[in-house]
Amino acid sequence: MSSFGSMWADLEPVGRHSSTGGYRRFAWTAVDATLREWFRGEAERRGLDLVTDRAGNLWAWSGNPDADGPGLVVGSHLDSVPDGGAFDGPLGVVSAFAALDELRARGFVPDRPLGIACFADEEGARFGVACAGSRLLTGVLDPDRARALTDDDGTTMAEAMATAGHDAAVLGRDEETLRRVGTFLELHVEQGRGLVDTGDPVGVASSIWPHGRWRLDLRGRADHAGTTRLADRDDPMLALVGAISVARASAERHGSLATVGKLRVRPNGVNAIPSEVTAWLDARGPSEDGVRSVVAEVAEAAGTVPAEESWTSSTDFDAGLRDRLAAVVGEGAGMPAPVLPTGAGHDAGILSAAGVETAMLFVRNPTGVSHSPAEHAEPADCLAGVDALARAIEALA
Ligand code: HGY
Ligand code: MN
Ligand code: MN
């Protein structure tokens, strides 16, 4: 009997919002502290050595990566987007513990240390930078910038970390932690319909599209909605309309994706013309040039220079490792598992960019929907994912 179900049941209520059924698991909050406590408990229950790195990422080790490493690490993240689904992140962490349990039950002894990772702040939902924990770990997010990032209430990341008991003064590239990681393998719910259409429960990632986030600051002049003539207005909402409609048309033209999912309007009054509108653009696509063209055209339409808040270049996972995993995962079916790209960003992409050998497994999501309470994976597919991850660990560790 897999340990997956009991762990999943423990996590299920944490940070779940009763009215939407979505999750609000934001970095360095009380909910995050509960999730960290859960991770700590699962690690201790298995006699794993728990380490928190300078960025606040959690690492649970079986074996000593400093003496016998570098090791093989599996895992993912536990935080979510606002009203996110249950599987994006947690599926990878719970599957990692369950796969370890299966391997131990089979008497498997790895040749190298085995780690389970839980990355901090992967979604960037609170402070705006995606994969903040792995970017800090690998040195691609400047510690001073990170400490000064603020949430919608004006709380800085440094203040939030301090409240959570993590010293933001130590933020920075963490060589000691990186040295311990020989290979990182992340299992993740698929955020699309690739596996639904192939009929396979588990697939292997080929690549992650280049993607980024930009902030558009649109300035206007506050005034009365009922007394200001149209000709006298300086209404930033009009620039927003232009930016969004161009984003959609430009994305279609350049074979990319563009989304404006977050806005901040000041003063945000029904009867007041805004003084400013802040919009966040998420743009992605198979080609970096295409994405950059979308951002440039949106900038022109909005009449502002977008502030790049995060950028991740294309990740092409190592073809040898990818194909080896496809063969291992597909053993039961007698043919290699499907290999598919994704437009979703992951910590695996950040570690790959830092030179760590990385790979990803995807578990079928029958809805194809993600970043929504509708995100789903069937229990049988989740267990198939655990089994595939266990076999992948056997092959790699
Ligand atoms: O935004 C993403 O692609 C990921 O879910 N952080
Ligand atoms: Mn996500
Ligand atoms: Mn994720």
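Computed from the coordinates by the stated procedures, all read-outs in this text should not be read as laboratory data. Please read all numbers here as calculations on a predicted model, not as lab measurements. We place every Cβ from the backbone using ideal geometry, glycine too, and count neighbours over all the protein chains shown.
The table that follows gives values for the structure above.
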{"read-out": "GNM flexibility winner over the chain from N64, N268, N365 (Cα, springs under 10 Å)", "value": "N268"}
{"read-out": "Within the chain, percent of DSSP bridges classed antiparallel, to nearest 5", "value": "70 percent"}
{"read-out": "Check: the chain dipole with +1 on Lys, Arg Cβ and -1 on Asp, Glu Cβ, in debye", "value": "520 debye"}
{"read-out": "Distance in nm between pseudo-label sites at S372 and N271 (7 Å out along the Cβ direction from Cα)", "value": "3.7 nm"}
{"read-out": "Under-5 Å amide H pairs with G124, H placed in peptide plane, nonlocal only", "value": "C131, A132"}
{"read-out": "Selection from G154, A33, F317 lying farthest towards where the dipole of the chain points positive, charges on Cβ", "value": "G154"}
{"read-out": "A296 paired with D142, simple spin-label distance in nm, labels 7 Å along Cα-to-beta-carbon", "value": "2.5 nm"}
{"read-out": "Simple label model, 7 Å out from Cα along Cβ direction - D197 to E44, nm", "value": "4.7 nm"}
